[in-house]
Structures are given as C-alpha cells and as structure tokens.
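Before any comments, here is the structure.
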Amino acid sequence: MNAFDYRAPRALDEALAILREYGDDGRVIAGGTALVTMMRQRLVQPRCVVSLRDVEGLGRIEVRNGAVRLGALVTHREAETSPLLQERLPVLAETFRRVGTIRIRHMATVGGALAHADPNQDPPVTLIALGASVEIQRAGGRRESPIEKFFRDYYEPALEPGELVTAVTVPLLPAASGASFIKFLPRTADDYATVAVAVRVTLEPDGERCREARLALGSVATTPLRAREAEALLAGARLDESLVKAVGDAAKRATDPLDDHRGSAAYKREMTAVMVGRALTQAWEAARASARGAR
Ligand SMILES: Cc1cc2nc3c(=O)[nH]c(=O)nc-3n(C[C@H](O)[C@H](O)[C@H](O)COP(=O)(O)OP(=O)(O)OC[C@H]3O[C@@H](n4cnc5c(N)ncnc54)[C@H](O)[C@@H]3O)c2cc1C
C-alpha cells in the first residue's frame with residue numbers, strides 16, 4: 001500500500017472541505033470492504049484517506065415525505081434488520097440480506113454500495129427498480145441524481161472529485177404495488193450474483209392490468225441497468241405466459257454480459273430471461289394481493 005494521510009472528521013462540512021483540498025488525490029473510506037483491497041492491489045493510491053465513520057448524521061434510516069431515506073453510513077446489516085425497512089420496503093431489506101456474508105454486511109455501507117459502482121452489487125438493482133434517488137454533496141453544494149443515471153461505467157459512479165454520497169431516498173410503494181428481488185447464484189450462497197433481477201409492478205385498481213412497472217438487472221453489463229423495452233411491454237398489459245416470455249426476451253436483449261467464472265455470456269443471457277419471468281410473476285402476485293387488500 002502507498003503511504004497516505006488519514007483524516008477522521010466528525011462533521012460533514014469538515015469532510016467536504018478535506019475532499020475539496022485533496023481533489024482527485026483524496027478517497028473516502030466507509031466500510032473499507034472494497035477500498036482496502038483496491039489499495040492493497042494498488043488499483044488506487046490516494047494521498048489522503050478520509051474516514052466517514054465519525055461523521056455525525058449519516059447513519060439514520062427514516063421516513064420523510066412518502067419515502068425512506070437511508071444515510072450513506074447505514075450498514076447493510078442495519079438495513080437488513082431495520083424494522084422500519086422490513087415493514088415499509090421489505091424487498092429492500094431482503095436485498096441487503098442477500099449480500100455476501102454477515103461479516104461483510106456488518107461493515108459495508110449504503111454509500112459504499114453505490115459509490116463503488118461494481119455492476120455485480122445487489123442493492124443498486126433493487127434501488128433502480130424502486131425509483132430511488134441519490135443525494136450527493138460537495139463543499140458548498142448539494143444535488144440529487146436518479147439512481148439509474150448514477151452508474152456511468154464499470155466501477156465508475158457519476159461523482160466528481162470532492163463529492164460525497166450522503167443518502168439514498170427510496171419512494172414507498174404506491175397502492176396496488178408489489179416488488180421482488182431475485183439473486184441467482186449457482187455457486188455458493190455468499191457469492192456475487194450470476195444474474196440479479198428486481199421488479200416493481202403497480203396495477204390498476206381492478207388488480208388485473210399493469211399501470212406501471214420498473215425492471216432492473218445486475219451482473220449482466222458494465223453497470224446495473226434498467227430494462228426499459230421490457231418495462232414498456234408491461235404498461236397496460238395483463239399477466240399471461242406470452243407476456244412473461246416477451247418481457248424475459250426483451251430483458252435479455254438489454255444485457256451485455258461478460259464470460260467469467262460465474263457463467264458464459266450466453267448462459268447469463270438465458271438466465272436473465274428465466275429470472276425476469278420469476279421475479280415478474282412474484283411482483284405481480286404481490287401487487288394483486290395489495291390491490292385486493294385495498295378494495
Ligand atoms: C468478499 C466480499 C463479498 C461481497 N459480496 C457482495 C455481494 O454479494 N453483493 C454485494 O452487493 N456486495 C458484496 N460485497 C460488498 C461490495 O463489493 C463492496 O465491497 C461494498 O459495497 C463497499 O462498501 P463499503 O462501505 O465497504 O465501501 P468502501 O470500501 O469504504 O468504499 C468503496 C468505494 O466507494 C467510495 N465511497 C464509499 N462511501 C462513499 C460515500 N459515501 N461517498 C462517496 N464515495 C464513497 C470509496 O472511496 C471507494 O472508492 C462483497 C464484498 C466482499 C469483500
């Protein structure tokens with residue numbers, strides 16, 4: 001590892017000022033589960049490492065204006081076990097539960113899951129399907145980004161030097177809605193996904209036709225992605241076998257996977273269609289149950 005300055009500010013303003021001072025040469029550390037490895041491999045060699053651990057106010061999970069807001073320092077384990085998240089957005093709590101091992105989940109943070117921008121990560125997939133937005137701050141400014149615009153390329157988040165992820169905001173599900181996350185991992189239970197799929201379906205009040213759907217995929221391209229062609233097929237449609245097949249095929253066309261030890265590109269494409277069919281059916285069933293409950 002290269003030699004570096006280490007700073008542990010207690011206030012957000014202080015952290016942002018340090019990042020401005022170091023620009024490209026500064027790196028934030030949150031859980032450290034990815035950064036430490038990248039530094040050991042000399043993939044990154046920051047002059048200054050800024051720990052977020054002691055920064056006040058970044059570790060809360062709260063409901064605000066019809067959305068759940070997760071601070072950047074919330075750990076995966078805290079998200080997974082949060083009664084609030086389990087009750088209001090169970091699909092998101094379940095997604096965090098599926099990440100790696102419990103040791104990783106105790107360390108890795110919500111901000112790190114976004115800023116690391118590894119296309120094999122699970123939380124971004126569900127966050128895209130749920131229509132989340134990322135809160136970003138720099139010294140003297142703040143902006144929000146729809147999450148699907150946050151992933152520029154392989155390991156490349158849409159963050160400028162000096163910017164920090166401070167939170168992610170996730171709208172609660174509208175009435176007559178259901179959501180599902182499926183992580184297909186044929187090797188070991190703590191592996192990254194071969195294919196990950198998240199679907200959110202909102203039905204018309206009749207509980208039969210789809211009003212709106214969002215479908216996101218992970219591990220099958222250089223970024224997590226939204227399968228918009230597949231989503232368009234769902235608007236106004238009723239669920240039957242031919243729809244499930246058409247949506248699976250459209251999702252498959254959105255992928256551009258790599259051959260690797262988790263499967264060939266061809267296998268990942270086929271499994272995308274299969275997993276999309278399953279996730280769609282599950283989300284639709286949940287949306288139907290929600291519509292019935294509302295009547
Ligand atoms: C063995 C192993 C298995 C794993 N399996 C999975 C899995 O199956 N699914 C999954 O989703 N994840 C998995 N992970 C976790 C994932 O790959 C990342 O390691 C983790 O999400 C990074 O979070 P962190 O808080 O530890 O980030 P760090 O390691 O602290 O930081 C990672 C990067 O993000 C930047 N960063 C962190 N926080 C912020 C912030 N708030 N604002 C701006 N930049 C920031 C850092 O500068 C660095 O570039 C696994 C990790 C390991 C080590």
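Given Arg278, Arg187, which one is at pLDDT 95 or above, closer than 30 Å to Tyr155 by Cα, open to solvent by 50 Å² or more (accessible area, probe 1.4 Å) and basic (Lys, Arg)?
Arg278
Anything in segment 190-205 that is open to solvent by 60 Å² or more (accessible area, probe 1.4 Å) and either over 23 Å from Glu148 (Cα atoms) or in contact with a helix residue (DSSP H, G or I) (Cβ under 8 Å, 6 or more places away or on another chain) (or both)? List them, or say none.
Asp190, Pro205
What's the number of the only condition in (1) open to solvent by 10 Å² or more (accessible area, probe 1.4 Å); (2) in contact with a strand residue (DSSP E or B) (Cβ under 7 Å, 6 or more places away or on another chain); (3) away from the ligand (no atom under 12 Å from the Cβ) that Asn120 fails to meet?
Just one mismatch for Asn120, condition (3).
Among (1) closer than 27 Å to Gly277 by Cβ; (2) over 14 Å from the mean Cα position of the chain (by Cα), there is one condition Ala129 misses while meeting the rest; what is its number?
(2)
Read through the list (1) open to solvent by less than 30 Å² (accessible area, probe 1.4 Å); (2) touching a strand residue (DSSP E or B) at 6+ places or on another chain (Cβ under 6 Å); (3) farther than 24 Å from Pro146 by Cα, then give the number of the only condition that Gly178 fails.
Unmet for Gly178, out of (1) open to solvent by less than 30 Å² (accessible area, probe 1.4 Å); (2) touching a strand residue (DSSP E or B) at 6+ places or on another chain (Cβ under 6 Å); (3) farther than 24 Å from Pro146 by Cα: (3).
Checking the conditions here, which among Leu114, Leu130 is buried (at least 17 other Cβ atoms within 10 Å of the Cβ), out of contact with any Lys or Arg (no Cβ under 9 Å at 6 or more places or on another chain) and closer than 27 Å to Glu231 by Cβ?
Going through Leu114, Leu130 in turn, just one is buried (at least 17 other Cβ atoms within 10 Å of the Cβ), out of contact with any Lys or Arg (no Cβ under 9 Å at 6 or more places or on another chain) and closer than 27 Å to Glu231 by Cβ: Leu114.
Determine which single condition Glu156 fails, assuming it passes every other condition in (1) farther than 28 Å from Thr255 by Cα; (2) within 11 Å of the ligand (Cβ to nearest atom).
Result: Glu156 fails condition (1) only.
The values are calculated or read from the model by the stated rules, or taken from the named source; none is laboratory data. Just so we're clear, the structure is a prediction, and the values are computed from it rather than from any experiment. With ideal geometry, Cβ positions are generated from the backbone for all residues, glycine too; neighbour counts draw on all protein chains shown. What goes into the accessible areas is simple: the full protein's heavy atoms, side chains included, and nothing from ligands, DNA or RNA. Shrake-Rupley method; radii C 1.70, N 1.55, O 1.52, S 1.80 Å.
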